[in-house]
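Colleague: Quick one: this structure, given as structure tokens, is what I'll be asking you about.
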Amino acid sequence: MTIFSKIIGTGSALPPKRITNQILADQLATNGIETSDEWIVSRSGISARHYAESDTQSSDLAVEASQRAIEMAGLAANDIDLIILATSTPDFLGGFPSTACVVQRKLGIENGCPAMDVQAVCSGFIYALSIADSFIKSGAHKNVLVIGAEVFSKILDFNDRTTCVLFGDGAGAVVLSASDQPGILATKLHADGRHTDILCLPGNLNGGDVQGSAFLRMDGPGVFKLAVSVLEKVANEVLESARMTADQLDWLVPHQANIRIMQGTAKKLNLPLEKMVVTVDQHGNTSAASIPLALDVAVRDGRIQPGQNVLMEGVGGGFTWGAVLVRM
């Protein structure tokens, strides 16, 4: 019998602290940095984002999102036999122990299942979902918890208005399970290390000291140009792999980075903008969390229904990008 992998549960979590553009502009003004709601919205489509408290880690948000996904799936925590967590803001320096292992402990999963982190920045969830799909189709695992979780507010330079206004914190999760019905129809992943410098956190640890910068750095125009190009191509690649066309899509759930990039991709695919799930206006760019977070919002508000075809795609530092075509 052919084994397929299918999403049977989704969940998400946002920190309670909601920061509107006006609140952020007022805070930045105390540092002599000028910005406004109009300036931020016109360049990104973002009106608000959520920031975690200083004692909240990526694992805390990941656990909340995971609990909701596991509950929707109708499973118990110990039914999960693999955890894959995508993050660029792990709980610990160097990423060890992995945040996935921390989440395993906090969820009370004691079955000894493997747990690992994946680092592909904003493409991280797409990478993690593709890996989970392969594990399930191989027969190695049956119920995989796939998570994207970030606390990007901790790595933002609030003296740089070109980056600090764009990002927020949050988490999203799905339970991907073995099925006799098609779920994930196709996946495509890419990377091009020649562009490592256009979106990065260029610091490193040496002897307990940070050398370089511990803040996110981004070449906005460079990222925009590359993102628009690769997202269209990978969308068409994954559709071709599944022997489908864009007019067969019910929903596009892109990485929520910038409304202009998102709309540009939809238009190049000749998709009506009404078929695109948009949360960037209220969440900002939550990196690896943005796609599963947006997916969960649309599932829970009833837009995304069982049997519908959903294209998820992301692009991030590295430079990485990818897409997953799913039948819900």
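The values are calculated or read from the model by the stated rules, or taken from the named source; none is laboratory data. In this text the structure is predicted, and so the values were computed from the model without any measurement. Cβ placement follows ideal geometry from the backbone for every residue including glycine, while neighbour counts extend to all protein chains displayed. What goes into the accessible areas is simple: the full protein's heavy atoms, side chains included, and nothing from ligands, DNA or RNA. Shrake-Rupley method; radii C 1.70, N 1.55, O 1.52, S 1.80 Å.
Colleague: What nm distance separates the two modelled labels at LYS267 and LEU93, each placed 7 Å from Cα along Cα→Cβ?
Modeller: Here the modelled spin labels are 4.7 nm apart.
Colleague: So for the chain, averaging the separation of alpha carbon pairs under 8 Å that are six or more residues apart and normalising by length, what relative contact order in percent results?
Modeller: Relative contact order for the chain comes out at 25 percent.
Colleague: Rounded, prolate or oblate: pick one for the range 64-138, where a ≥ b ≥ c are the square roots of the eigenvalues of its C-alpha gyration tensor, a/c under 1.5 means rounded, and failing that, prolate if a/b is larger than b/c, else oblate.
Modeller: oblate
Colleague: Can you tell me the order of 168-177, 16-25, 298-307 when each peptide is scored by its average per-residue count of other Cβ atoms within 10 angstrom, highest first?
Modeller: Order by mean packing, descending: 168-177, 16-25, 298-307.
Colleague: Something else now. How much length, in nm to one decimal, is gained on full extension between LYS137 and ALA76, taken as 0.36 nm per residue of separation minus their Cα-Cα distance? Mind dumping the intermediate values first?
Modeller: Details: separation 61, 0.36 × 61 = 21.96 nm, distance 2.18 nm.
Full extension from LYS137 to ALA76 adds 19.8 nm.
Colleague: Once amide H atoms are placed 1.01 Å from N in the peptide plane, what residues at a sequence separation of 5 or more from ALA86, or on another chain, have their amide H within under 5 Å of its amide H?
Modeller: Excluding prolines and chain starts, which carry no amide H, the hits are VAL118, ILE147, GLY148, ALA149.
Colleague: Between rounded, prolate and oblate, where does the chain land on the alpha carbon gyration tensor, with a ≥ b ≥ c its root eigenvalues, rounded for a/c under 1.5, else prolate if a/b exceeds b/c?
Modeller: Oblate, since a/c reaches 1.5 and b/c is not below a/b.
Colleague: Which FRET efficiency value, to the nearest 0.05, is calculated for HIS190 and ASP281 with the Förster distance at 22 angstrom and r the Cβ-Cβ distance?
Modeller: 0.20
Colleague: Note the full-extension length gain between GLU274 and ASP157 as 0.36 nm times their separation in residues minus their Cα-Cα distance, in nm to one decimal.
Modeller: Once the chain is fully extended between GLU274 and ASP157, it gains 38.7 nm.
Colleague: Moving on to the next point. Report the charge-dipole magnitude of the chain in Debye, nearest 20, computed about the Cα centre from +1 at each Lys and Arg Cβ and -1 at each Asp and Glu Cβ.
Modeller: Around 660 debye, computed over the chain.
Colleague: Put a dot 7 Å past each Cα toward the Cβ at GLN308 and GLU53; how far apart are the dots in nm?
Modeller: It is 3.6 nm.
Colleague: How charged is the neighbourhood of ARG18? Take every other residue with its Cβ under 15 Å from the Cβ of ARG18, and add Lys/Arg as +1 and Asp/Glu as -1.
Modeller: Values: positive: LYS17, ARG49; negative: ASP26, ASP37, GLU53, ASP169, ASP281.
Neighbourhood net charge equals -3.
Colleague: Taking θ = phi - 60°, what integer Hz values does the Karplus form 6.51 cos²θ - 1.76 cosθ + 1.60 yield along the range 41-47, in sequence order, with x for Gly and Pro?
Modeller: These are the phi-based 3J(HN,Hα) values: 4, 5, 9, 9, x, 8, 10 Hz.
Colleague: I'd like to check one number: the per residue accessible area of the range 191-328, probe 1.4 Å, reported in Å² as a whole number. Don't jump to the answer; show the numbers that get you there.
Modeller: Numbers: 5850 Å² over 138 residues.
Using a 1.4 Å probe on heavy atoms only, each residue of the range 191-328 averages 42 Å².
Colleague: Taking Cα centroids, how far is the range 147-210 from the range 267-324 in Å?
Modeller: Using only Cα atoms to place each centre, the spacing works out to 15 Å.
Colleague: What is the distance, in nm, between label points placed 7 Å from the Cα along the Cα-to-Cβ direction at GLU240 and at ASP219?
Modeller: Each label point lies 7 Å from its Cα, and together they span 2.7 nm.
Colleague: Between ASN31 and GLN67, what is the FRET efficiency for a Förster distance of 41 Å, r being their Cβ-Cβ separation, to the nearest 0.05?
Modeller: 0.65
Colleague: Counting Lys +1, Arg +1, Asp -1, Glu -1, what net charge surrounds LYS6 among other residues with beta carbon under 12 Å of its beta carbon?
Modeller: Residues near LYS6 contribute +1 overall.
Colleague: Counting C-alpha atoms alone, how compact is the range 1-159: give Rg to one decimal and Dmax as a whole number, in angstrom.
Modeller: For the range 1-159, the Cα radius of gyration and maximum Cα-Cα distance read 18.1, 64 Å.
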